[in-house]
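A.B. asks: I am attaching a structure below and will ask some questions about it afterwards.
None of the figures in this text is laboratory data; all of them are computed from the coordinates on show. All values reported here derive from a predicted model rather than from experimental measurement. Using ideal geometry, Cβ is built from the backbone for each residue, glycine included, and neighbour counts are taken over all protein chains shown.
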């Protein structure tokens, strides 16, 4: 029996809404997972993350492995007890961070060797060690280690990375000793549909609890991203959760839900919240913009979050300008609320059979692009 | 009629507990005022500050004058509407910050000219402009502008500053046009009892709504601070609130309450919270200490704050070490809770007539000095 199961309650076109059952409780899908890189969603107490509507969070295996180390986390009862987040936790494999953060990286067929970005210590990550770390953390949904070396448009590199990812699938599965922890495989292949098809066939066949689309939105351009998402969303196994990794903007999530994806994570709401860029129903608002100096209204008049209910744009602008810690926190709260509320509204629209109209209306308003800033 | 009134409910020795009635609601005394320098208690939402037990906060006139400026704050409905804090706000006069932060400062009998520390713009503060700024902010308790140039032990400088402060008293009072805003006078005079007596006589006679002891804990040594506090606390007018400005550690507050003070502010709980120094019933804990690396218990086992109920010392240490924003926020929450809970317990002990025993017990435990770190 699978460690997690997805029950679909309603579909609307390719979009679907359901419940992901995990050992730490249910998650309504489509679901957005706030990113808690180093064991906290930056600036927020766990209870606050829950109150904003999150039912599952993502933690980064690489960061926690480097600091404070999975041995300490396990000694203190696992990441749930350590961080105070009692709901399900999805951990990535650490692979993406090794390829984006670590130094002196060398990859071979067995794994990847690198110096970490904190202490410069030599470290090694293999499918076996990645799963071992994720299990030590107490992950509820683990990700298989993949090769993320493919660069946009380079077929040879994409093929090599996809091949290696495919060969590692069985090793990831074999390394799992915690039967209650789910394990998702990742489809790679860059912008090449035939490579992605090959990767998908292998990943779907291997019996993973869920299937993720990886290596998307890594510099290949918006149109190409949309094409890949629209092409492969509906082809991922329908009976298992479909996870679009590491993206994106609100409009990306709407499009991906329309293509049948169930799970999402992205640093944008938290990172942008820290840098004064707020997501609103009419697009991104750059709070530092001088036009908001004396704006008495909230960032988003339609928003019901604790920040918009309390703070004017002028006050938010003051907080960021003065370097007050409350600015980044308030921006994070607002942005997460916006993302999580968007997911809730998408679930309702799918259940009501009105997702197409919802999608068109939301995208049109987001496209007003209040400040016309690009993330 | 005074803009604020203090009703004493019980006394125990020189200590007293009561209610300060302000136009924005009552404040139980002795009261600690969290410092919200630039319009926010750093990192905390206003509702959170209230839930921690604060009934009044302090805002810094100098900082808000420099950025975003009192005109903007007034335009947006005053500091209460701007910041979302609905309870009473005490504002300082700006004088102390001019003397500690501003550049190219020159003082004359009319006021003080300086360059601000943010933009280096030339500015001038007089008793009249200080009161005007505080009123524009919507302050509920204003402080008279004083001369803070006295240095510990230098009689001539202390006398000059006290004299000027004394001469400014009437100008501060005459500048008030908002009858609902209280105005407190400040007793200066450094470490010289005769100068302080002279200052006190003038301040008490002038009909201020409350009287503050200023220029304390500015480098004159702990024993001397205690002596001044113990000497002058009981001599401040008994029928009006007595405010000990800008100090101190928990043990300082206990001693000052024993000397009859009613109101306190200090940056220590918030500033120390940001730098991983936590106040506990057994003294200061330096969370970064390696001994806490795998400490599964909370910072203070006796503490009921949201942080101690949820986070281990090991997790807090990880947050600070990893540079996670949640560390400074959690430390601030804990420290403010500790201060505000200490005030609550002091009020209860005074009401119960057991303050002497309470004081001895608390001081003995604080003196255990868990990490033996000095603030």
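A.B. asks: Considering only DSSP beta bridges where both residues belong to the protein assembly as shown, give the percentage that are antiparallel (nearest 5).
C.D. replies: Numbers: 48 of 90 bridges.
Around 55 percent antiparallel, to the nearest 5.
A.B. asks: Let me ask something else. So what's the angle, to the nearest 10 degrees on a 0 to 90 scale, between helix A:155-175 and the longest Cα principal axis of chain A?
C.D. replies: Rounded to the nearest ten degrees, it is 70.
A.B. asks: Oh, and also: Given all pairs of different Cα atoms, what value in angstroms does the Kirkwood hydrodynamic radius of chain A take?
C.D. replies: Numbers: mean 1/r = 0.0477 Å⁻¹.
Across chain A, the inverse of the average 1/r is 21.0 Å.
A.B. asks: Would you please classify the overall shape of the protein assembly as shown from the alpha carbon gyration tensor, given that a ≥ b ≥ c denote the square roots of the eigenvalues, rounded means a/c under 1.5, and beyond that prolate means a/b larger than b/c while oblate covers the rest?
C.D. replies: Values: a/c = 2.59, a/b = 2.02, b/c = 1.28.
Prolate is the answer for the protein assembly as shown, as a/c is 1.5 or above and a/b outweighs b/c.
A.B. asks: Pairing the Cα long axis of helix A:326-352 with the longest principal axis of chain A, what angle in degrees results, from 0 to 90 and rounded to the nearest 10?
C.D. replies: It is inclined by approximately 80 degrees.
A.B. asks: Tell me what the protein assembly as shown gives for mean residue ellipticity at 222 nm when only DSSP H runs of n ≥ 4 count, each as -39,500 (n - 2.57), the sum divided by the residue total, rounded to 500 deg cm²/dmol. All intermediate terms of the calculation are to be shown ahead of the outcome.
C.D. replies: Numbers: 29 runs with 305 residues, N = 750.
One gets -12000 deg cm²/dmol as the mean residue ellipticity at 222 nm.
A.B. asks: Then there's this: Using a label point 7 Å beyond Cα on the Cα-Cβ vector, give me the inter-copy distances for residue A:205 in nanometres, one decimal, shortest first.
C.D. replies: Copy-to-copy label distances at residue A:205, shortest first: 10.0 nm.
A.B. asks: Here's a follow-up. Taking each residue of B:33-46 in turn, how many C-beta atoms of other protein chains fall within 10 Å of its C-beta, and what is the average? Intermediate values should be presented prior to the final figure.
C.D. replies: Numbers: counts 0, 0, 0, 2, 2, 7, 6, 11, 3, 6, 7, 3, 9, 3.
Across the residues of B:33-46, the mean count of other-chain Cβ atoms within 10 Å is 4.
A.B. asks: Between region A:5-49 and region B:92-138, what's the alpha-carbon centroid distance in Å?
C.D. replies: Going from one Cα centre to the other spans 52 Å.
A.B. asks: Mind giving me the nanometre distance, one decimal, between the label points for residue B:227 and residue B:117, set 7 Å out from Cα along Cα→Cβ?
C.D. replies: 3.0
A.B. asks: Efficiency by 1/(1 + (r/R0)^6): what FRET value for residue A:368 and residue B:101, r their Cβ-Cβ distance, R0 = 56 Å, to the nearest 0.05? Provide the component values of the computation, followed by the final result.
C.D. replies: Details: r = 43 Å, r/R0 = 0.76.
That gives a FRET efficiency of 0.85.
A.B. asks: What does the copy distance list look like for residue A:9, label position 7 Å along Cα→Cβ, in nm and ordered from shortest?
C.D. replies: Ordered by increasing distance: 4.8 nm.
A.B. asks: In addition: Could you order the peptides B:251-259, B:320-328 from most to least packed, using the average number of other C-beta atoms within 10 Å per residue?
C.D. replies: On the way: B:251-259: 22.9, B:320-328: 20.6.
Result, highest mean Cβ count within 10 Å first: B:251-259, B:320-328.
A.B. asks: Sticking with this structure for a sec: Using R₀ = 56 Å, calculate the FRET efficiency as 1/(1 + (r/R₀)^6) where r is the Cβ-Cβ separation of residue B:291 and residue A:11; round to 0.05.
C.D. replies: Values: r = 56 Å, r/R0 = 1.00.
It comes to 0.50.
A.B. asks: Pick from A:178, A:108, A:140: which residue has the top mean-square fluctuation in a GNM of chain A where Cα pairs under 10 Å get a spring?
C.D. replies: Judging by the Gaussian network model, the answer is A:108.
A.B. asks: Count, for each residue of B:83-89, the Cβ atoms from other chains sitting within 10 Å of its Cβ, then give me the mean as a whole number.
C.D. replies: Working: counts 6, 7, 1, 0, 0, 0, 0.
Partner-chain Cβ atoms within 10 Å, mean over residues of B:83-89: 2.
A.B. asks: Defining a contact as two alpha carbons under 8 Å apart and six or more residues distant in sequence, what relative contact order in percent does region B:273-366 show?
C.D. replies: Values: 115 pairs, mean separation 30.7, N = 94.
In percent, rounded to a whole number, it is 33.
A.B. asks: In addition: I need the peptides B:212-221, B:37-46 ranked by packing, meaning the mean over residues of other C-beta atoms within 10 angstrom, with the highest value on top.
C.D. replies: B:37-46, B:212-221
A.B. asks: Then there is this: Take every residue in peptide A:103-109, count the Cβ atoms of other chains within 10 Å of its Cβ, and give the average of those counts.
C.D. replies: Details: counts 0, 0, 0, 0, 0, 0, 0.
If you average over the peptide's residues, the count of other-chain Cβ atoms is 0.
A.B. asks: Output, in nm with one decimal and in ascending order, the distances from the residue A:177 label point to the matching label points of the other copies (7 Å from Cα along Cα-to-Cβ).
C.D. replies: Label-point separations across copies, in nm and ascending: 7.7.
A.B. asks: Considering only DSSP beta bridges where both residues belong to chain A, give the percentage that are antiparallel (nearest 5). Each step should come with its number before you reach the end.
C.D. replies: Values: 24 of 45 bridges.
For chain A, the DSSP antiparallel bridge percentage is about 55.
A.B. asks: Please give the FRET efficiency for residue B:194 paired with residue B:2, using the beta carbon to beta carbon distance and R0 = 25 Å, rounded to the nearest 0.05. Could the numbers behind the result be given before it?
C.D. replies: Numbers: r = 29 Å, r/R0 = 1.16.
Efficiency computed from Cβ-Cβ geometry: 0.30.
A.B. asks: Another one. Put a dot 7 Å past each Cα toward the Cβ at residue B:23 and residue A:206; how far apart are the dots in nm?
C.D. replies: 7.0
A.B. asks: Got the relative contact order for chain A handy, in percent, Cα pairs under 8 Å and 6 or more residues apart?
C.D. replies: For chain A, the relative contact order is 17 percent.
A.B. asks: Would you mind checking the tilt of helix A:193-205 against the longest principal axis of the Cα atoms of chain A, expressed as 0 to 90 degrees and rounded to 10?
C.D. replies: 70
A.B. asks: Write down the Kirkwood hydrodynamic radius of region A:285-375, to one decimal in angstroms, obtained as one divided by the mean of 1/r over all alpha carbon pairs.
C.D. replies: Numbers: mean 1/r = 0.0698 Å⁻¹.
So the Kirkwood estimate lands at 14.3 Å.
A.B. asks: Going 7 Å from the Cα of residue A:174 along its beta-carbon direction, which residues of region A:183-215 have the amide nitrogen within less than 20 Å of the resulting point?
C.D. replies: Once the point is set 7 Å along Cα→Cβ of residue A:174, A:183-186, A:202-209 turn out to lie under 20 Å by backbone N, inside region A:183-215.
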